[in-house]
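The values are calculated or read from the model by the stated rules, or taken from the named source; none is laboratory data. Since we're looking at a predicted model, the values are computed, not measured. Cβ atoms come from the backbone with ideal geometry, glycine included; neighbour counts cover every protein chain shown. SASA here: full protein model, heavy atoms, side chains in, ligands and nucleic acids out. Shrake-Rupley method; radii C 1.70, N 1.55, O 1.52, S 1.80 Å.
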Amino acid sequence: MDRKTKGKYGEDLTVAFLESRKIEVLEKNYRHGRGEIDLIGLWKNQTLLFIEVKYRSNSNFGYPESFVSMNQQKTIISTADQYIHDINWQKDIRFDIMAINESNGSIEYFEDAFH
């Protein structure tokens, strides 16, 4: 599977996971400037979720969730700030990570992973 296909597959798995938990997916691959947020969801009409999806074929170099660098977190937060401003969001927000490891079949969802 090439990188783009893996990314799409990971996002599709994440969308199914979110929907099974009654989280509405509002945006996929939201872009602003140089930033991108994989998925934006809404939970109980109260919390806006900004979700980074990390898919790895194996864990030889670390677990998927460890690949969200501080620099990437800052970019995601900055991009989220623009989205929040654009829709005039006044309620809670959260930054989550979906970590998918193909080699052992693990799928882990980390709520409030960074801020």
Among 34-43, 87-96, how do they line up from the highest to the lowest mean number of other beta-carbon atoms within 10 Å?
34-43, 87-96
Relative to the longest principal axis of the C-alpha atoms of the chain, give the angle of the C-alpha long axis of helix 70-87, reported between 0 and 90° and rounded to the nearest 10°.
40 degrees
Over the chain, what percent of the accessible surface lies on carbon and sulfur atoms, probe 1.4 Å?
47 percent
Greater than 22 Å apart at Cα, pairs in Lys22/Lys91; Lys4/Lys91; Lys54/Lys91; Lys28/Lys74; Lys4/Lys44; Lys8/Lys54
Lys4/Lys91; Lys54/Lys91; Lys4/Lys44
Of Ala80, Phe95, Ser20, which is farthest on the positive side of the dipole of the chain, counting Cα position, with +1 on Lys and Arg Cβ, -1 on Asp and Glu Cβ, and the Cα centre as origin?
Ala80
I want to check the label-to-label distance for Asn88 and Ala16. Put each point 7 Å from Cα in the C-beta direction and report it in nm to one decimal.
3.9 nm
Averaged per residue, what accessible area in Å² does the chain show with a 1.4 Å probe, protein chains only?
62 Å²
